[in-house]
Amino acid sequence: LLAPGGTRIDDNDKTKMTHHCVFFAEEDHDAIRNYAQVFNKLIRRYKYLEKAFEDEIKKLLLFLKAFSETEQTKLAMLSGILLANGTLPATILTSLFTDNIVKEGIAASFAVKLFKAWMAEKDANSVTSALRKANLDKRLLELFPANRQNVDHFAKYFTEAGLKELSDFLRVQQSLGTRKELQKELQERLSQECPIKEMVLYVKEEMKRNELPEPAVIGLLWTCVMNAVEWNKKEELVAEQALKHLKQYAPLLAVFSTQGQSELILLQKVQEYCYDNIHFMKAFQKIVVLFYKGKSICLSKAHVAAGKVKSSLSFSIAFILQSRSMSRMSAVSAVWVGFCPNRKLGL
(Lines give C-alpha, C1' and ligand atoms only; values in the text may rest on other atoms or scores of the structure.)
Protein backbone atom coordinates (compact mmCIF):
# COMPACT_ATOMS: atom_id res chain seq x y z
CA LEU A 1 0.00 0.00 0.00
CA LEU A 2 2.79 2.44 0.88
CA ALA A 3 5.85 3.50 -1.05
CA PRO A 4 9.04 4.68 0.72
CA GLY A 5 8.26 7.97 2.48
CA GLY A 6 4.67 7.00 3.25
CA THR A 7 3.00 7.87 -0.06
CA ARG A 8 0.29 5.65 -1.54
CA ILE A 9 1.46 3.24 -4.23
CA ASP A 10 -1.97 3.25 -5.86
CA ASP A 11 -2.09 7.04 -5.81
CA ASN A 12 -5.78 6.70 -4.83
CA ASP A 13 -6.46 5.14 -8.23
CA LYS A 14 -9.14 2.55 -7.55
CA THR A 15 -8.25 0.62 -10.71
CA LYS A 16 -4.97 -0.27 -9.02
CA MET A 17 -6.69 -1.55 -5.87
CA THR A 18 -8.14 -4.99 -5.18
CA HIS A 19 -11.71 -5.21 -3.98
CA HIS A 20 -10.62 -7.91 -1.51
CA CYS A 21 -9.38 -5.21 0.83
CA VAL A 22 -10.53 -4.08 4.26
CA PHE A 23 -10.90 -0.56 2.86
CA PHE A 24 -13.69 -1.82 0.58
CA ALA A 25 -15.52 -3.53 3.45
CA GLU A 26 -18.54 -2.02 5.15
CA GLU A 27 -17.81 0.13 8.18
CA ASP A 28 -19.28 -2.51 10.43
CA HIS A 29 -17.67 -4.44 13.27
CA ASP A 30 -18.85 -7.87 12.09
CA ALA A 31 -17.70 -7.20 8.53
CA ILE A 32 -14.24 -6.09 9.68
CA ARG A 33 -14.02 -9.10 11.99
CA ASN A 34 -14.25 -11.39 8.94
CA TYR A 35 -11.07 -9.80 7.56
CA ALA A 36 -9.38 -10.14 10.95
CA GLN A 37 -10.20 -13.86 10.99
CA VAL A 38 -8.51 -14.30 7.61
CA PHE A 39 -5.29 -12.70 8.91
CA ASN A 40 -5.53 -14.72 12.11
CA LYS A 41 -5.87 -18.04 10.30
CA LEU A 42 -3.07 -17.24 7.86
CA ILE A 43 -0.63 -16.31 10.62
CA ARG A 44 -1.53 -19.39 12.66
CA ARG A 45 -0.81 -21.56 9.65
CA TYR A 46 2.31 -19.70 8.50
CA LYS A 47 4.07 -18.49 11.65
CA TYR A 48 6.86 -16.82 9.66
CA LEU A 49 4.33 -14.18 8.55
CA GLU A 50 3.77 -13.00 12.13
CA LYS A 51 6.75 -10.63 12.40
CA ALA A 52 6.36 -9.31 8.85
CA PHE A 53 2.66 -8.59 9.45
CA GLU A 54 3.42 -6.77 12.73
CA ASP A 55 6.06 -4.60 10.99
CA GLU A 56 3.65 -3.80 8.17
CA ILE A 57 0.91 -2.70 10.56
CA LYS A 58 3.40 -0.50 12.43
CA LYS A 59 4.32 1.15 9.14
CA LEU A 60 0.67 1.76 8.27
CA LEU A 61 0.09 3.41 11.66
CA LEU A 62 3.14 5.63 11.17
CA PHE A 63 1.68 7.02 7.94
CA LEU A 64 -2.01 7.30 8.77
CA LYS A 65 -2.12 10.66 7.00
CA ALA A 66 -1.93 8.77 3.70
CA PHE A 67 -5.41 7.35 4.31
CA SER A 68 -8.86 8.93 4.29
CA GLU A 69 -10.87 9.24 7.50
CA THR A 70 -13.06 6.29 6.50
CA GLU A 71 -10.00 4.15 5.76
CA GLN A 72 -8.45 5.14 9.09
CA THR A 73 -11.64 4.06 10.87
CA LYS A 74 -11.63 0.63 9.20
CA LEU A 75 -7.92 0.17 9.88
CA ALA A 76 -8.49 1.13 13.55
CA MET A 77 -11.31 -1.41 13.86
CA LEU A 78 -9.19 -4.13 12.24
CA SER A 79 -6.23 -3.35 14.50
CA GLY A 80 -8.43 -3.38 17.60
CA ILE A 81 -9.88 -6.81 16.75
CA LEU A 82 -6.43 -8.23 15.97
CA LEU A 83 -5.12 -6.89 19.27
CA ALA A 84 -8.05 -8.45 21.11
CA ASN A 85 -7.47 -11.93 19.70
CA GLY A 86 -3.70 -11.72 20.22
CA THR A 87 -2.70 -11.69 16.55
CA LEU A 88 -0.94 -8.35 17.13
CA PRO A 89 1.00 -7.20 20.22
CA ALA A 90 0.14 -3.92 21.98
CA THR A 91 3.62 -2.60 21.11
CA ILE A 92 2.31 -1.61 17.64
CA LEU A 93 0.63 1.34 19.39
CA THR A 94 4.00 3.06 19.79
CA SER A 95 3.62 4.13 16.15
CA LEU A 96 0.75 6.39 17.24
CA PHE A 97 3.13 8.54 19.30
CA THR A 98 4.72 9.99 16.14
CA ASP A 99 4.70 13.81 16.16
CA ASN A 100 3.14 14.37 12.73
CA ILE A 101 -0.05 12.38 13.50
CA VAL A 102 -0.22 13.49 17.13
CA LYS A 103 -0.21 17.21 16.26
CA GLU A 104 -3.09 16.84 13.80
CA GLY A 105 -5.22 14.88 16.27
CA ILE A 106 -5.14 11.74 14.13
CA ALA A 107 -3.44 9.63 16.81
CA ALA A 108 -6.07 10.27 19.50
CA SER A 109 -8.99 9.80 17.11
CA PHE A 110 -7.51 6.56 15.75
CA ALA A 111 -6.78 5.27 19.28
CA VAL A 112 -10.39 5.83 20.38
CA LYS A 113 -11.74 3.80 17.44
CA LEU A 114 -9.14 1.09 18.01
CA PHE A 115 -9.89 0.78 21.74
CA LYS A 116 -13.64 0.65 21.06
CA ALA A 117 -13.17 -2.28 18.65
CA TRP A 118 -10.86 -3.98 21.13
CA MET A 119 -13.34 -3.62 23.99
CA ALA A 120 -16.18 -4.83 21.76
CA GLU A 121 -14.27 -8.11 21.45
CA LYS A 122 -12.96 -8.38 25.01
CA ASP A 123 -13.34 -5.94 27.92
CA ALA A 124 -11.56 -3.02 29.58
CA ASN A 125 -9.44 -5.34 31.76
CA SER A 126 -8.04 -7.01 28.65
CA VAL A 127 -7.02 -3.63 27.23
CA THR A 128 -5.44 -2.29 30.44
CA SER A 129 -3.60 -5.56 31.10
CA ALA A 130 -2.08 -5.53 27.60
CA LEU A 131 -1.08 -1.88 27.98
CA ARG A 132 0.71 -2.64 31.25
CA LYS A 133 2.60 -5.59 29.76
CA ALA A 134 3.76 -3.41 26.88
CA ASN A 135 4.74 -0.58 29.30
CA LEU A 136 2.33 1.75 27.54
CA ASP A 137 0.05 2.42 30.52
CA LYS A 138 1.99 5.55 31.43
CA ARG A 139 2.36 6.80 27.83
CA LEU A 140 -1.28 7.26 26.88
CA LEU A 141 -1.04 11.03 27.33
CA GLU A 142 1.43 11.06 24.41
CA LEU A 143 -1.54 10.57 22.08
CA PHE A 144 -2.11 14.32 22.49
CA PRO A 145 0.08 17.34 21.66
CA ALA A 146 2.41 18.57 24.42
CA ASN A 147 0.09 21.45 25.44
CA ARG A 148 -2.77 18.99 26.02
CA GLN A 149 -0.89 16.19 27.75
CA ASN A 150 -2.77 16.27 31.04
CA VAL A 151 -5.11 13.85 32.78
CA ASP A 152 -8.13 16.17 32.68
CA HIS A 153 -7.99 16.60 28.89
CA PHE A 154 -7.47 12.86 28.37
CA ALA A 155 -10.35 11.99 30.70
CA LYS A 156 -12.73 14.42 29.02
CA TYR A 157 -11.79 13.28 25.50
CA PHE A 158 -12.07 9.56 26.21
CA THR A 159 -15.15 9.84 28.42
CA GLU A 160 -17.01 11.79 25.72
CA ALA A 161 -15.99 9.06 23.28
CA GLY A 162 -17.58 6.43 25.52
CA LEU A 163 -14.33 5.08 26.98
CA LYS A 164 -14.71 6.10 30.62
CA GLU A 165 -12.98 2.87 31.73
CA LEU A 166 -9.73 4.04 30.13
CA SER A 167 -10.12 7.50 31.66
CA ASP A 168 -10.45 5.94 35.11
CA PHE A 169 -7.52 3.63 34.38
CA LEU A 170 -5.24 6.54 33.50
CA ARG A 171 -6.23 8.45 36.62
CA VAL A 172 -5.35 5.43 38.75
CA GLN A 173 -2.01 4.98 36.99
CA GLN A 174 -1.14 8.65 37.40
CA SER A 175 -2.12 8.51 41.07
CA LEU A 176 0.08 5.45 41.64
CA GLY A 177 3.01 7.16 39.96
CA THR A 178 2.48 10.27 42.06
CA ARG A 179 2.37 8.23 45.27
CA LYS A 180 5.59 6.44 44.41
CA GLU A 181 7.33 9.76 43.84
CA LEU A 182 5.90 11.14 47.08
CA GLN A 183 7.03 8.07 49.01
CA LYS A 184 10.52 8.29 47.55
CA GLU A 185 10.82 11.97 48.50
CA LEU A 186 9.46 11.38 52.01
CA GLN A 187 11.91 8.57 52.65
CA GLU A 188 14.72 10.85 51.55
CA ARG A 189 13.56 13.62 53.91
CA LEU A 190 13.16 11.18 56.80
CA SER A 191 16.68 9.86 56.27
CA GLN A 192 17.93 13.46 56.42
CA GLU A 193 15.85 14.05 59.59
CA CYS A 194 14.09 17.08 58.16
CA PRO A 195 11.91 19.05 60.60
CA ILE A 196 8.32 17.79 60.83
CA LYS A 197 6.93 21.23 59.94
CA GLU A 198 8.79 21.15 56.62
CA MET A 199 7.49 17.67 55.86
CA VAL A 200 3.93 18.68 56.70
CA LEU A 201 4.11 21.65 54.32
CA TYR A 202 5.63 19.50 51.56
CA VAL A 203 2.98 16.76 51.87
CA LYS A 204 0.11 19.28 51.96
CA GLU A 205 1.42 20.95 48.80
CA GLU A 206 1.67 17.58 47.03
CA MET A 207 -1.83 16.62 48.17
CA LYS A 208 -3.23 19.85 46.78
CA ARG A 209 -1.25 19.71 43.53
CA ASN A 210 -2.06 16.08 42.77
CA GLU A 211 -5.51 15.94 44.41
CA LEU A 212 -4.47 13.14 46.75
CA PRO A 213 -7.03 12.20 49.44
CA GLU A 214 -5.96 12.07 53.08
CA PRO A 215 -6.71 8.32 53.49
CA ALA A 216 -4.24 7.54 50.69
CA VAL A 217 -1.53 9.70 52.25
CA ILE A 218 -1.74 8.35 55.82
CA GLY A 219 -0.96 4.79 54.76
CA LEU A 220 1.99 6.01 52.73
CA LEU A 221 3.28 8.06 55.67
CA TRP A 222 3.11 5.07 58.01
CA THR A 223 5.14 2.97 55.56
CA CYS A 224 7.78 5.68 55.19
CA VAL A 225 8.09 6.24 58.95
CA MET A 226 8.48 2.52 59.67
CA ASN A 227 11.00 2.06 56.85
CA ALA A 228 13.16 4.91 58.14
CA VAL A 229 14.64 2.80 60.95
CA GLU A 230 16.78 -0.30 61.17
CA TRP A 231 14.90 -2.19 63.86
CA ASN A 232 16.53 -4.10 66.69
CA LYS A 233 16.20 -7.85 66.24
CA LYS A 234 15.62 -8.48 69.94
CA GLU A 235 11.94 -8.55 70.82
CA GLU A 236 12.47 -7.13 74.29
CA LEU A 237 14.21 -4.04 72.86
CA VAL A 238 12.22 -3.38 69.69
CA ALA A 239 9.06 -2.24 71.53
CA GLU A 240 10.94 0.54 73.31
CA GLN A 241 12.70 1.51 70.08
CA ALA A 242 9.38 1.60 68.19
CA LEU A 243 7.66 3.78 70.78
CA LYS A 244 10.56 6.23 70.88
CA HIS A 245 10.59 6.48 67.08
CA LEU A 246 6.80 6.77 66.69
CA LYS A 247 6.53 9.32 69.50
CA GLN A 248 8.82 11.56 67.44
CA TYR A 249 6.64 11.25 64.32
CA ALA A 250 3.19 10.99 65.95
CA PRO A 251 2.56 14.73 65.32
CA LEU A 252 3.23 14.17 61.60
CA LEU A 253 0.74 11.30 61.45
CA ALA A 254 -1.79 13.30 63.47
CA VAL A 255 -1.86 16.09 60.87
CA PHE A 256 -2.95 13.64 58.16
CA SER A 257 -5.40 11.54 60.19
CA THR A 258 -8.19 14.06 60.77
CA GLN A 259 -10.85 11.94 59.04
CA GLY A 260 -12.45 8.77 60.34
CA GLN A 261 -11.39 6.84 57.22
CA SER A 262 -7.79 8.01 57.62
CA GLU A 263 -7.73 6.88 61.26
CA LEU A 264 -9.17 3.51 60.34
CA ILE A 265 -6.50 3.01 57.68
CA LEU A 266 -3.77 4.00 60.16
CA LEU A 267 -5.10 1.45 62.66
CA GLN A 268 -5.19 -1.21 59.95
CA LYS A 269 -1.60 -0.42 58.99
CA VAL A 270 -0.48 -0.72 62.62
CA GLN A 271 -2.22 -4.07 62.97
CA GLU A 272 -0.85 -5.43 59.69
CA TYR A 273 2.69 -4.33 60.56
CA CYS A 274 2.56 -5.95 63.99
CA TYR A 275 1.01 -9.07 62.50
CA ASP A 276 3.64 -9.39 59.75
CA ASN A 277 6.60 -8.55 62.02
CA ILE A 278 6.41 -10.89 65.00
CA HIS A 279 8.83 -8.83 67.13
CA PHE A 280 6.25 -6.01 67.22
CA MET A 281 3.44 -8.16 68.66
CA LYS A 282 3.96 -6.86 72.20
CA ALA A 283 4.24 -3.27 70.95
CA PHE A 284 0.80 -3.20 69.33
CA GLN A 285 -1.15 -2.13 72.43
CA LYS A 286 1.37 0.56 73.33
CA ILE A 287 1.41 1.96 69.79
CA VAL A 288 -2.40 2.29 69.78
CA VAL A 289 -2.29 4.04 73.17
CA LEU A 290 0.49 6.36 71.94
CA PHE A 291 -1.48 7.36 68.86
CA TYR A 292 -4.67 7.82 70.85
CA LYS A 293 -2.98 10.13 73.33
CA GLY A 294 -1.21 11.95 70.51
CA LYS A 295 -4.56 12.45 68.73
CA SER A 296 -3.40 10.52 65.68
CA ILE A 297 -6.48 8.35 66.15
CA CYS A 298 -9.87 8.80 67.73
CA LEU A 299 -11.38 5.33 67.98
CA SER A 300 -14.97 6.56 67.88
CA LYS A 301 -14.38 8.25 64.52
CA ALA A 302 -12.58 5.19 63.18
CA HIS A 303 -15.47 3.00 64.24
CA VAL A 304 -17.93 5.29 62.46
CA ALA A 305 -15.78 5.05 59.33
CA ALA A 306 -15.94 1.27 59.55
CA GLY A 307 -19.72 1.47 59.94
CA LYS A 308 -19.59 -0.43 63.22
CA VAL A 309 -20.56 1.95 66.00
CA LYS A 310 -21.04 0.02 69.27
CA SER A 311 -22.57 1.07 72.56
CA SER A 312 -19.63 -0.41 74.49
CA LEU A 313 -17.08 1.66 72.56
CA SER A 314 -16.42 4.18 75.34
CA PHE A 315 -15.69 1.33 77.74
CA SER A 316 -13.35 -0.26 75.16
CA ILE A 317 -11.36 2.95 74.78
CA ALA A 318 -11.08 3.38 78.53
CA PHE A 319 -9.97 -0.22 78.85
CA ILE A 320 -7.19 0.21 76.27
CA LEU A 321 -5.94 3.31 78.07
CA GLN A 322 -5.96 1.61 81.45
CA SER A 323 -4.68 -1.88 80.58
CA ARG A 324 -0.96 -2.43 80.85
CA SER A 325 -0.53 -6.16 81.46
CA MET A 326 -0.18 -8.70 78.67
CA SER A 327 -2.86 -10.81 80.36
CA ARG A 328 -5.44 -8.30 79.20
CA MET A 329 -4.20 -8.12 75.63
CA SER A 330 -6.83 -10.62 74.53
CA ALA A 331 -9.53 -8.10 75.43
CA VAL A 332 -7.72 -5.34 73.54
CA SER A 333 -7.44 -7.67 70.55
CA ALA A 334 -11.17 -8.34 70.76
CA VAL A 335 -11.82 -4.61 70.47
CA TRP A 336 -9.48 -4.49 67.51
CA VAL A 337 -11.32 -7.31 65.73
CA GLY A 338 -14.28 -4.92 65.68
CA PHE A 339 -12.28 -2.80 63.24
CA CYS A 340 -10.89 -5.64 61.12
CA PRO A 341 -12.97 -8.81 61.55
CA ASN A 342 -11.03 -10.58 58.81
CA ARG A 343 -7.61 -10.17 60.46
CA LYS A 344 -6.72 -11.22 64.00
CA LEU A 345 -3.66 -10.00 65.78
CA GLY A 346 -2.83 -13.48 67.00
CA LEU A 347 -2.30 -12.61 70.64
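The values are calculated or read from the model by the stated rules, or taken from the named source; none is laboratory data. Quick caveat: nothing in here was measured; it's all calculated off a predicted structure. Every residue, glycine as well, gets a Cβ built from its backbone with ideal geometry; the counts of neighbours run over all protein chains shown. Note: accessible area is taken over every heavy atom of the protein model, side chains too, but ligands, DNA and RNA are not part of it. Shrake-Rupley method; radii C 1.70, N 1.55, O 1.52, S 1.80 Å.
Here the extension length gained between ASN85 and LYS58 equals 8.0 nm, from 0.36 nm per residue of separation less the Cα-Cα distance.
Give me the distance between the Cα centres of region 223-283 and region 184-203, rounded to whole Å. Their Cα centres are 17 Å away from one another. What base-10 log of the normalised intensity I(q)/I(0) is obtained for region 104-152 from the Debye formula, alpha carbons as equal point scatterers, at q = 0.15 Å⁻¹? Rounded to two decimals, the profile gives -0.44.
Heavy-atom accessible area per residue, region 119-249, 1.4 Å probe: how many Å²? Could the numbers behind the result be given before it?
Working: 7780 Å² over 131 residues.
It amounts to 59 Å² per residue over region 119-249.
About its Cα centre, region 65-212 has a charge dipole of approximately 100 debye under the convention of +1 per Lys or Arg Cβ and -1 per Asp or Glu Cβ, with nothing else charged.
Of all accessible surface on region 214-298 at a 1.4 Å probe, what whole percent is carbon and sulfur? Spell out each step's value before the answer.
Values: 1940 of 3810 Å².
About 51 percent, which is the carbon plus sulfur part of the accessible surface.
Order the following by accessible area, largest value first: SER257, SER175, SER68. Probe radius 1.4 Å; ligands, DNA and RNA are ignored.
Values: SER257 5, SER175 30, SER68 55 Å².
Most to least solvent-accessible, the answer reads SER68, SER175, SER257.
Here the gap between ASN147 and ASP123, fully extended at 0.36 nm per residue and compared with their Cα-Cα distance, gives a gain of 5.6 nm.
Summary of packing: across the peptides 185-191, 102-108, the per-residue average of other C-beta atoms within 10 Å ranks them, highest first, as 102-108, 185-191. Translational diffusion of region 53-212, estimated by Stokes-Einstein from the Kirkwood radius over alpha carbon pairs at 25 °C in a medium of 0.890 mPa s, is 142 µm² per second.
In this simple spin-label approximation, ASN100 and GLU214 carry label points 7 Å from Cα along the Cα→Cβ vector, and these lie 5.4 nm apart.
Give me the percent relative contact order of region 145-227, please, defined on Cα pairs under 8 angstrom at least 6 residues apart. The partial results should precede the final answer.
Details: 34 pairs, mean separation 22.3, N = 83.
Computed over region 145-227, the figure is 27 percent.
Modelled this way, with points 7 Å down the Cα-to-C-beta line, the labels at LYS156 and ARG171 are 1.5 nm from one another. Projecting the Cα atoms of GLN183, LEU136, GLY219 onto the charge dipole of region 132-220 (Cβ charges, centred on the Cα centre) puts LEU136 farthest toward the positive pole. Per-residue extension of 0.36 nm, minus the Cα-Cα distance of LYS184 and LYS234, leaves a gain of 15.2 nm for this segment. Only protein heavy atoms count here; under a 1.4 Å probe, PHE24 has an accessible surface of about 70 Å². Largest accessible area first, the listed residues LYS180, LYS204 line up as LYS180, LYS204 when surface is computed with a 1.4 Å probe on the assembled protein chains.
Tell me the net charge near GLY86. Cut-off is 14 Å between Cβ atoms, GLY86 excluded, with +1 for each Lys or Arg and -1 for each Asp or Glu.
Numbers: positive: LYS41, ARG44, LYS47, LYS122, LYS133; negative: GLU50, GLU54, GLU121.
Taking every Cβ under 14 Å from that of GLY86, the sum is +2.
For region 126-186, carbon and sulfur atoms together expose 47% of the accessible surface, with a 1.4 angstrom probe and every protein chain in place. Placing a label point 7 Å from the Cα of GLU27 along the Cα-to-Cβ direction, the residues of region 75-107 whose backbone N falls under 20 Å of that point are 75-82, 104-107.
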